[in-house]
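Each remark here refers to the structure printed beneath this line.
The values are calculated or read from the model by the stated rules, or taken from the named source; none is laboratory data. These numbers were taken from a predicted model, which means no experiment stands behind them. In this analysis, Cβ positions are derived from the backbone assuming ideal geometry, glycine residues included, and neighbour counts consider all displayed protein chains.
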Amino acid sequence: MAEEPPTKRTCLGVDCENEASALQCPKCLSLGIKDSYFCSQDCFKKNWGTHKNVHKQENSILSHIFTPKVVSEPDPETGYYNPFPTFNFTGPLRPVYPLSAKREIPKSIPHPDYAEDGIPKSGRSFVRANKIQQLDEKAQEGMRKVCRLAREVLDIAAAALRPGITTDEIDEIVHNACIERNSYPSPLNYNHFPKSVCTSVNEVICHGIPDKRILLDGDIVNLDVTLYHEGYHGDLNETYYVGDRAKADPDTVRVTEAARECLEEAIKLVKPGTLFREFGNVIEAHAKTKGCSVIRTYVGHGINSIFHCPPNIPHYAKNKAVGECKPGMTFTIEPMIALGKYRDVTWPDNWTSTTIDGKKTAQFEHTLLVTETGVEILTARQADSPGGPVPMPVTPETNGTS
């Protein structure tokens, strides 16, 4: 029998299209991780900062159990697979399919106009004219109610977070909590998004699709919850630490708390007369003090009876946003802050957006109402809300010891 020619390998370096040599990562070899090939020593060194995250993930027993052994077709033991085996992922995270079946909403619960065909229709005239609505008292009360319910649902989901739970399980929790509140989960089938909540893990900036991947001790995950209730949408998100390892990692805490603080600093500006472009100046200035960057692709947005409408709220400095805050306006501010570069890459699912260098990113969001004298945080945390700020971990460097 003729011997088959050796299979060509692609270098694991980010954005490297070279054929891999026989050089393998020595740490991967010691851990039993196969096919960890690079084209050169220089390329290996250049990518070490991102590649070493694979070792942390592979060290977890849970990772061995739940990571598919094959990618283009279901793992014979688990049935899981990576649907995009040839995609050049920027970090260690991989999708774990199959997705669960679409969850149903009782017909007795009011549905938004896109629920059936995935196409949002209401508010198009406002979007085209860039008209920003100022809500009357009745509409403001409707927004207060839906935002209180959205906070309840987010807190329920956050309380369930732990190493070992899947993001699909979180989706089921959110979905059921919405139904219990006679509400429709706004993301479901919005422009054909397949799930009821966005779960964005580690290097995922936003719009992560819940799947069969388990959350690991050391991960961070953003839960982005929106409810549609009695004709209004309420939108908020927070980033949470998964397990004690996440809270003990200085970079993880730095980016997460920077994102939290960026939102807080921006909210301080909200009052009649503040220009929408001012928020980005404050957010980027604070992010830079923490050695972080601001994602530019995604913005805050108007929200009311329409899920996304004017105004647009960019989070980066020197933006060209038009308009100013006026009483009765409701909109979100939701800065996405990254440890590395601000540029993003979208997975082939056309939703999941990740950092271009695979480094971690965090986000926080509130729905806000401009009042006559300032701002009302409609999605404010409650005294018993899970999560909250975490202090920077003490390390030999921060403790002044060697």
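Restricting to the stretch 157-192, what's the tally of residues that are hydrophobic (A, V, I, L, M, F, W, C), buried (at least 18 other Cβ atoms within 10 Å of the Cβ) and over 19 Å from Pro110 (Cβ atoms)?
Qualifying residue count, the stretch 157-192: 5.
Taking the condition within 30 Å of Asn191 (Cα to Cα) and among the charged types (D, E, K, R), does Asp235 pass? It would help to see each step written out before you state the result.
On the way: within 30 Å of Asn191 (Cα to Cα): yes; among the charged types (D, E, K, R): yes.
Against the criterion (within 30 Å of Asn191 (Cα to Cα) and among the charged types (D, E, K, R)), Asp235 qualifies.
Condition check: hydroxyl-bearing (Ser, Thr, Tyr), over 30 Å from Tyr228 (Cα atoms) and at pLDDT below 85. Does Ser125 satisfy that?
Numbers: hydroxyl-bearing (Ser, Thr, Tyr): yes; over 30 Å from Tyr228 (Cα atoms): no; at pLDDT below 85: yes.
No, not satisfied.
Can you tell which of Glu264, Glu257 is without any contact (Cβ under 8 Å) to a residue 24 or more places away in the chain, assigned by TED's automatic domain parsing to the domain that holds Cys325, in a helix (DSSP H, G or I) and not basic (Lys, Arg)? I'd like the intermediate steps shown before the answer.
Working: Glu257 fails: without any contact (Cβ under 8 Å) to a residue 24 or more places away in the chain.
Testing whether each residue is without any contact (Cβ under 8 Å) to a residue 24 or more places away in the chain, assigned by TED's automatic domain parsing to the domain that holds Cys325, in a helix (DSSP H, G or I) and not basic (Lys, Arg) leaves just Glu264.
Whether any residue in the stretch 309-317 is out of contact with any Phe, Trp or Tyr (no Cβ under 6 Å at 6 or more places or on another chain), under 16 Å from Arg260 (Cβ atoms) and touching a residue at least 12 places away in the same chain (Cβ under 8 Å) is what I want to check.
Among the residues of the stretch 309-317, at least one is out of contact with any Phe, Trp or Tyr (no Cβ under 6 Å at 6 or more places or on another chain), under 16 Å from Arg260 (Cβ atoms) and touching a residue at least 12 places away in the same chain (Cβ under 8 Å), which makes the answer yes.
Scanning for something closer than 23 Å to Ser196 by Cβ and either among the polar types (S, T, N, Q) or at pLDDT below 95 (or both), does the stretch 231-252 turn up at least one residue?
Taking every residue of the stretch 231-252 in turn, at least one turns out to be closer than 23 Å to Ser196 by Cβ and either among the polar types (S, T, N, Q) or at pLDDT below 95 (or both).
Mind telling me which of the residues Glu180, Glu169, Glu104, Glu152 ends up being touching a helix residue (DSSP H, G or I) at 6+ places or on another chain (Cβ under 8 Å), more than 30 Å from Gly323 (Cα to Cα) and without any contact (Cβ under 8 Å) to a residue 60 or more places away in the chain?
Details: Glu180 fails: touching a helix residue (DSSP H, G or I) at 6+ places or on another chain (Cβ under 8 Å); Glu169 fails: touching a helix residue (DSSP H, G or I) at 6+ places or on another chain (Cβ under 8 Å); Glu104 fails: touching a helix residue (DSSP H, G or I) at 6+ places or on another chain (Cβ under 8 Å).
Checking each option against the conditions leaves just Glu152.
Would a scan of the stretch 140-157 turn up a residue that is of a type in the set (A, V, I, L, M, F, W, C) and out of contact with any strand residue (DSSP E or B) (no Cβ under 8 Å at 6 or more places or on another chain)? Spell out the reasoning first.
We begin by selecting, within the stretch 140-157, every residue of a type in the set (A, V, I, L, M, F, W, C); these are 143, 146-147, 149-150, 153-154, 156-157.
This time we only want the ones that are out of contact with any strand residue (DSSP E or B) (no Cβ under 8 Å at 6 or more places or on another chain), so: 156.
Scanning the stretch 140-157 turns up at least one residue that is of a type in the set (A, V, I, L, M, F, W, C) and out of contact with any strand residue (DSSP E or B) (no Cβ under 8 Å at 6 or more places or on another chain).
Quick check on the stretch 270-280. Is at least one of its residues under 16 Å from Ser200 (Cβ atoms), assigned by TED's automatic domain parsing to the domain that holds Ser186 and modelled with pLDDT of 95 or more? Spell out the reasoning first.
Start the filter on the stretch 270-280 by keeping residues that are under 16 Å from Ser200 (Cβ atoms), which leaves none.
No, that holds for no residue.
Out of Val153, Val146, Val221, I need the residue that is assigned to a strand (DSSP E or B), of a type in the set (A, V, I, L, M) and under 28 Å from Asn350 (Cβ atoms). Which one?
Values: Val153 fails: assigned to a strand (DSSP E or B); Val146 fails: assigned to a strand (DSSP E or B).
Val221 is the lone residue from the list that is assigned to a strand (DSSP E or B), of a type in the set (A, V, I, L, M) and under 28 Å from Asn350 (Cβ atoms).
Regarding the stretch 268-290, can at least one residue be identified that is under 24 Å from Leu227 (Cα atoms), buried (at least 21 other Cβ atoms within 10 Å of the Cβ) and of a type outside the set (Gly, Ala, Ser)?
Kept after step one, since they are under 24 Å from Leu227 (Cα atoms), are these residues of the stretch 268-290: 270.
The next check asks that each one be buried (at least 21 other Cβ atoms within 10 Å of the Cβ); those that pass are 270.
Remaining after also requiring of a type outside the set (Gly, Ala, Ser): 270.
Scanning the stretch 268-290, I find at least one residue that is under 24 Å from Leu227 (Cα atoms), buried (at least 21 other Cβ atoms within 10 Å of the Cβ) and of a type outside the set (Gly, Ala, Ser), so the answer is yes.
Being surrounded by 13 or more Cβ atoms within 10 Å (Cβ to Cβ), under 24 Å from Thr346 (Cα atoms) and under 22 Å from the mean Cα position of the chain (by Cα) is the filter here; which residues of the stretch 99-119 pass it?
Leu99, Ser100, Gly118
Checking the structure you have, find out if any residue of the stretch 163-185 is among the polar types (S, T, N, Q), farther than 25 Å from Leu216 by Cα and at pLDDT 95 or above.
Step one: filter the stretch 163-185 for residues among the polar types (S, T, N, Q), giving 166-167, 176, 182-183.
Then keep just the ones that are farther than 25 Å from Leu216 by Cα; that gives 182-183.
Right, trim to at pLDDT 95 or above and you get 182-183.
Checked the stretch 163-185: at least one residue is among the polar types (S, T, N, Q), farther than 25 Å from Leu216 by Cα and at pLDDT 95 or above.
Please report, ordered by residue number, the strands (runs of 3 or more DSSP E) entirely within the stretch 327-402 with at least 2 residues that are among the polar types (S, T, N, Q) and surrounded by 15 or more Cβ atoms within 10 Å (Cβ to Cβ).
Numbers: elements: 330-333, 336-338, 344-346, 353-355, 361-363, 366-370, 375-377.
The qualifying strands (runs of 3 or more DSSP E) are 330-333, 353-355, 361-363.
Would it be correct to say that Pro310 is at pLDDT 95 or above and part of a loop (DSSP other than H, G, I, E, B)?
Numbers: at pLDDT 95 or above: yes; part of a loop (DSSP other than H, G, I, E, B): no.
Considered against the rule, which asks whether it is at pLDDT 95 or above and part of a loop (DSSP other than H, G, I, E, B), Pro310 comes out as no.
What residue, among those in the stretch 27-53 that are under 22 Å from Lys359 (Cβ atoms) and among the aromatic types (Phe, Trp, Tyr), is modelled with the lowest pLDDT?
Residue satisfying both the conditions and the ranking: Trp48.
Just to check your reading of the model, which residue among Lys102, Lys131 is basic (Lys, Arg) and at pLDDT below 95?
Of the residues listed, the single one that is basic (Lys, Arg) and at pLDDT below 95 is Lys131.
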